[in-house]
Amino acid sequence: MAMTIQWYPGHMTKARRMMQEDIKLIDLIIELVDARVPLSSRNPDIDELGKNKARLILLNKADLADSAVNDAWMTYFRQQGYTVLQVNSKNGTGIKAISQKVQEACREKIERDRKRGIKNRPIRAMVAGIPNVGKSTFINAYAGKNCAKTGNKPGVTKGKQWIRMGKGLELLDTPGILWPKFEDQQVGIRLAMIGSINENILNIEELSLLAIDFLRENYPGAINRQYEVEEEAEKPLEVLERIAERRKCLAKGGEYDYAKAAAMFMDDFRNGRIGRISLEKPAEENE
Ligand code: G4P
């Protein structure tokens, strides 16, 4: 069965316009990507939108991705000239290293300011990324309590809210929302697998079969460890049935409740319960 992803990006036109406006105000884009799918979760237009701006790439949700593959992606992005860091915005791992990385990413600007005799002009930054990549979680983790809001005073023209981060950095408090590469089917499937695309768009059972196939090929033994079922089978559907049986996802009359089993399996898959899983590796992308 072919899966078609119909995700009309109407509201993205507005998001892009906002992003274009906001970008004029900043020196640095803190670009969040999902560490499990660093390419599929990138926006195709960001290089164009963000040209002439410094960039810091954060491999967010690094806790859910394969750590060896995270390291490979670090190398990949560094080789492309980006400053890059792994973070877990949910528990704050990696957040402390950001200030240092911001300085690194903005070295040219700081140097330029210095030559012109400009001292202590803060770096202004915005966070950007596709929906669900963790922008709000990141801003909360990074800004935390040690920050002061600036901007908007009552009665004054409505402006942007900046979060003063100390150490010469101001962060726009609303992130830039970017859109993924809608037209690429593989990208759509990977984003659906990590749960970034609205489930109604994709058939969860179909998705779970793809995930089972992917795991058996790339992380042999992972399904077996999590569910204590034999993962060798001619068809992935048989594996889903074994999981359904093991987890009592059965309908009245003892039939398999495929939808329930698939939903449970995908939830485990997305939340790291089957292990740390990377869906993309740099070498494969370069082939
Ligand atoms: P957005 O603003 O870019 O749309 O994303 P948001 O911060 O709302 O985060 C989307 C989901 O990703 C949230 O989960 C959030 O907790 C989770 N998340 C963000 N960063 C990380 C990370 O580094 N590691 C992990 N493991 N998860 C992360 P949710 O399911 O919507 O909520 P909840 O489960 O946290 O309650």
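For the reader, a short list of remarks on this structure follows.
- Cβ separations smaller than 9 Å between residues 6+ apart or across chains give no pair from region 173-184 residues that are closer than 11 Å to R42 by Cβ to residues that are near the ligand (Cβ under 10 Å from one of its atoms) and of a type in the set (D, E).
- Selection status of A222, at negative phi, in contact with a Gly (Cβ under 7 Å, 6 or more places away or on another chain) and aliphatic (A, V, I, L, M): yes
- Of all the residues in region 181-199, those that are away from the ligand (no atom under 14 Å from the Cβ), surrounded by fewer than 18 Cβ atoms within 10 Å (Cβ to Cβ) and assigned to a loop (DSSP other than H, G, I, E, B) number 3.
- Test for L178: is it at pLDDT below 95, at negative phi, crowded, with 18+ Cβ neighbours inside 10 Å and within 16 Å of the chain's Cα centre (by Cα): yes
Residue-wise test of (1) among the polar types (S, T, N, Q); (2) over 13 Å from A125 (Cα atoms); (3) touching a Phe, Trp or Tyr at 6+ places or on another chain (Cβ under 8 Å).
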site	(1), (2), (3)
K14	no, yes, no
M19	no, no, no
D22	no, no, no
L25	no, no, no
L28	no, no, no
V33	no, yes, no
P38	no, yes, yes
N43	yes, yes, yes
I46	no, yes, no
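- Any hit, region 250-264, residues being within 16 Å of the ligand (Cβ to nearest atom), at pLDDT 95 or above, within 24 Å of R36 (Cβ to Cβ) and within 30 Å of the chain's Cα centre (by Cα): yes
For (1) farther than 15 Å from E205 by Cβ; (2) acidic (D, E); (3) surrounded by fewer than 18 Cβ atoms within 10 Å (Cβ to Cβ); (4) in contact with a strand residue (DSSP E or B) (Cβ under 7 Å, 6 or more places away or on another chain), each residue gets a yes or a no:
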residue: E255; (1), (2), (3), (4): no, yes, yes, no
residue: Y258; (1), (2), (3), (4): no, no, no, no
residue: M266; (1), (2), (3), (4): no, no, no, no
residue: L279; (1), (2), (3), (4): yes, no, no, no
residue: A283; (1), (2), (3), (4): yes, no, yes, no
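- Top-ranked residue in region 128-142 [being of a type in the set (V, I, T) and within 6 Å of the ligand (Cβ to nearest atom); ranked as farthest from the chain's Cα centre (by Cα)]: T137
- Of residues in region 90-124 being of a type in the set (G, A, S) and within 16 Å of the ligand (Cβ to nearest atom), the one surrounded by the most Cβ atoms within 10 Å (Cβ to Cβ): G94
- Selected residue [within 26 Å of E170 (Cα to Cα) and in contact with an Asp or Glu (Cβ under 7 Å, 6 or more places away or on another chain)] from I110, I57, I23, I29: I57
- Residue within region 13-21 that is more than 14 Å from the ligand (Cβ to nearest atom), at pLDDT 95 or above and surrounded by 12 or more Cβ atoms within 10 Å (Cβ to Cβ) present: no
- Residue count, region 50-71 (criterion: loosely packed, with under 14 Cβ neighbours inside 10 Å and either within 16 Å of the ligand (Cβ to nearest atom) or aliphatic (A, V, I, L, M) (or both)): 2
- Output for region 204-232, where each listed residue is over 22 Å from I189 (Cβ atoms) and loosely packed, with under 15 Cβ neighbours inside 10 Å: G221, R225, E228, E230, E232
- Long-range neighbours under 9 Å by Cβ, at least six apart or interchain, first residue modelled with pLDDT under 75 within region 195-206, second surrounded by fewer than 19 Cβ atoms within 10 Å (Cβ to Cβ) and not in a loop (DSSP other than H, G, I, E, B): E199/A263
The values are calculated or read from the model by the stated rules, or taken from the named source; none is laboratory data. Keep in mind that this is a model prediction, so the values were computed, not measured. For neighbour counting, all protein chains shown are included, and Cβ atoms are generated from backbone atoms with ideal geometry for every residue, glycine included.
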